[in-house]
Amino acid sequence: MNLSERDKAVNWHPYTQMKTADDIIPIVRGKGIYLFDDQGKQYIDAVSSWWVTLHGHAHPYIAERVSEQLHTLEQVIFAGFTHEPAIQLSENLLNILPENQKKVFYSDNGSTAVEVALKMAIQYAYNENHKKTKILALKNAYHGDTFGAMSVSGRSVWTQPFSEMLFEVVFIDAPTTENLDSLKKFIKNISGEIACFIYEPLIQGAAGMLMHKAEDLSELMKFCREQKILMIQDEVFTGFGRTGKLFAANHLSEQPDMMCFSKGLTGGTMPMGITSCSQEIFNAFLSDDQYKTLFHGHSFTANPLACTAALASMELLLKEETRQHIEHIVTKHSEFSEILRQHPKVENIRQTGTILAWEIISGQQTSYFNDIGKLLYKEFLKRGVLLRPLGNIMYLVPPYCITGDELDLIYHHIIKVLDDF
Ligand SMILES: *Cc1c(COP(=O)(O)O)cnc(C)c1O
């Protein structure tokens, strides 16, 4: 049996209807922006393998550092013990986060980083004897697939089977200059009961790369601060350079109480989640009363290999050369936007940093199940480009090491496919 057949016999893939799924492609190796399948065909990974790969696949520097660590200390219980990679990573990360972020809590992925932040916010109120149980989130939000993360995500086909089991959340529209006043009025009415506001800053990724303005979000954050509503900024997608700056936080004038990271945290090489928080949040758990402890942890909390991958990736990220690469992608994308703007089948072009998205005019409703997405996905794969449209919404989220010529090649394929469409 070949790899595809063996896979089919035993594996259940994410977000995949296994009955109707097309052949799943076995990848045998990756290098830079390329993935190579078992037939020797190569694909440009234009979505950074679900938005995680920052510096390209199988990066030799990250590989070397992780390999060294693997021979030194691969794992140790993080309750009662610590290690250099976790200490160094927390130090380095806090150095580049908003100034009020003072403590780092480790977990395994984006969803768990969100779960931890939610538990911090809710238990913060509990420990302080406040009766605050409501949570505020944005319509169409996506914060992950575990139950807490699903609860604070927009209700959709993804959450439908579990709808009865999800806790209640108050959903508000993403901020716009026009709706800010009414949002504030609405929040003010219930602010005494709200434990926290969780949001994806600047870009609601999984919802279809919906974007809002930094000024509008800052204004909403300022209001939440005045109303004593804790803020959880989910930078799982936007963190580590995606928005053109190190974090979405660097576009905002207000600082959140907690922040969530994953995806690009390790450069996309190892699973890891981080929830950072302010001193005030941390202090609310300090007590002689054992009941005020944050009772949360995972077997692999602060795994030394993942910490080392993150340290190596952040070193690469902070290089001047990487900053220039990111700027180059931003410029190239905005030039290509102008070309897309001329195309009769394209609308709603939007860009934040290295993320470019647009919609295809299809006659069907804009939705995740829009058939066009699947057709486009296959057509681009045929052309050796991995793009994964969200229904009729197409987007590019390339690894930062991509060259101008490689971007031009992707743009060329996009225009060709749109023309033929
Ligand atoms: C992907 C994502 C998550 C979930 O991360 P996982 O590692 O897939 O669990 C959470 N929040 C945002 C904004 C994301 O894009």
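So how much slack lies between K382 and A58, counting 0.36 nm per residue of separation and subtracting their Cα-Cα distance, in nm? Working shown, then result.
Numbers: separation 324, 0.36 × 324 = 116.64 nm, distance 2.35 nm.
Result: 114.3 nm gained on full extension.
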Inter-label distance, nm, simple model (7 Å from Cα along the C-beta direction), E74/Q364
4.6 nm
Any lysines whose Cα falls less than 16 Å from that of K222, other than same-chain ones fewer than 8 residues away, would be K184, K185, K188, K213
Scoring the chain by relative contact order with C-alpha pairs under 8 Å, at least six apart, yields a percentage of 21 percent
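What is the calculated FRET efficiency for I27 to K139, with r their C-beta to C-beta distance and R₀ = 22 Å, to the nearest 0.05?
Values: r = 36 Å, r/R0 = 1.62.
Rounded to the nearest 0.05, the efficiency is 0.05.
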Compute a Gaussian network model of the chain, connecting alpha carbons closer than 10 Å, and tell me which residue from E327, E406, E115 fluctuates the most.
E406
How far apart, in nm, are two points set 7 Å out from the Cα along the Cα-to-Cβ line at E99 and at S163?
4.7 nm
Can you give the direction-averaged projected area of the convex hull of the alpha-carbon atoms in the chain, in nm²?
21.7 nm²
How many nm separate the modelled label positions at E91 and W50, each set 7 Å beyond the Cα in the direction of the Cβ?
3.4 nm
Given H placed on each backbone N at 1.01 Å, which residues far from K132 in sequence or on other chains put an amide H within less than 5 Å of it?
none
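Starting from the Cα-Cα distance between S334 and E347, subtract it from 0.36 nm times their residue separation and give me the gain in nm to one decimal.
Details: separation 13, 0.36 × 13 = 4.68 nm, distance 1.48 nm.
Extra length from S334 to E347 when fully extended: 3.2 nm.
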Quickly rank 198-211, 167-180 as a protection proxy: mean count of other C-beta atoms within 10 Å, highest first.
198-211, 167-180
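Can you give the local net charge around I24? Use residues other than it whose beta-carbon is closer than 15 angstrom to its beta-carbon, Lys and Arg +1, Asp and Glu -1.
Details: positive: R6, K8, K19, K41, K374, K378, R388; negative: E5, D7, D22, D23, D37, D38.
Taking every Cβ under 15 Å from that of I24, the sum is +1.
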Kindly state, to the nearest 0.05, the FRET efficiency for L318 paired with T403, given R0 = 25 Å and r defined as their beta-carbon distance.
0.75
With every protein chain left in place and a probe of 1.4 Å, what is the accessible surface of F336, to the nearest 10 Å²?
10 Å²
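The values are calculated or read from the model by the stated rules, or taken from the named source; none is laboratory data. Just so you know, these numbers come straight off a predicted model, no measurement behind them. A quick note on method: Cβ atoms are made from the backbone with ideal geometry, for glycine too, and the neighbour counts reach across all protein chains shown. Surface accessibility is based on the protein's heavy atoms, side chains included, excluding ligands, DNA and RNA. Shrake-Rupley method; radii C 1.70, N 1.55, O 1.52, S 1.80 Å.
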